[in-house]
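What follows is a single structure, written as C-alpha cells, with notes after it.
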Amino acid sequence: MSIILLLLLFPLSQDVYATPSIVEFKATIITDTDDYKVCYDAFKEQYSCQETDNDEKKQSTERFVFHLGIYPGATKHDVQLRLANALDIDVTDVTLWDVTITFDGGETIQVKEKGKRSNS
C-alpha cells in the first residue's frame with residue numbers, strides 16, 4: 001500500500017526543463033546623449049567591451065545580463081523594453097539598437113535597427 005502511495009506522490013517520469021543560459025551577449029545602444037556598450041562571453045570570460053581586470057566590473061556585468069530575464073523566443077520589442085528598463089532609458093530616446101544574444105542551446109536573438117529618433 002505504501003509503495004502505491006509513493007508512486008502516486010512521485011511519478012516515475014518527470015519532465016525537467018533546464019533554463020537556457022546566455023553564453024554570449026553584445027549590446028550597443030545609442031541615444032541622443034549617451035552610448036551604452038555591454039559585452040559578456042561565458043567561454044572567453046570576457047565581461048566588458050574594454051579589457052579589464054576589475055572583478056567588481058565582471059560580477060556586475062554578469063549580474064546585469066542574467067537579471068534581464070531574456071529567454072529564447074523573446075521578441076525584439078521585449079528585448080528592447082527589458083534593456084531600456086535595465087539601463088533606465090526611454091525606448092523613444094534610442095537612435096540605434098545593435099544587440100546579439102546567444103543561448104547555450106544555440107538560439108540567437110538579434111536586434112539591429114535604427115531607433116525611433118534616428119535622423120535617417
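The values are calculated or read from the model by the stated rules, or taken from the named source; none is laboratory data. Please read these numbers as outputs of a predicted model, since none were measured by experiment. Every residue, glycine as well, gets a Cβ built from its backbone with ideal geometry; the counts of neighbours run over all protein chains shown.
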Subject >> Restricting region 59-100 to residues that are among the hydroxyl-bearing types (Ser, Thr, Tyr) and assigned to a helix (DSSP H, G or I), the residue that is surrounded by the fewest Cβ atoms within 10 Å (Cβ to Cβ) >> reply: 92
**OP:** List the number of the failed condition for residue 110; all other conditions in (1) under 22 Å from residue 33 (Cα atoms); (2) modelled with pLDDT of 95 or more; (3) surrounded by 13 or more Cβ atoms within 10 Å (Cβ to Cβ) hold.
**Re:** (1)
Original post:
Which ones in region 23-74 are modelled with pLDDT of 85 or more, over 18 Å from residue 106 (Cα atoms) and among the aromatic types (Phe, Trp, Tyr)?
Top reply: 36, 64
Subject >> Identity of the residue in region 33-43, closer than 17 Å to residue 85 by Cα and among the charged types (D, E, K, R), that ends up nearest to the chain's Cα centre (by Cα) >> reply: 37
**OP:** Go through region 74-115 and give me each residue that's touching a strand residue (DSSP E or B) at 6+ places or on another chain (Cβ under 7 Å) and basic (Lys, Arg).
**Re:** 76, 112, 114
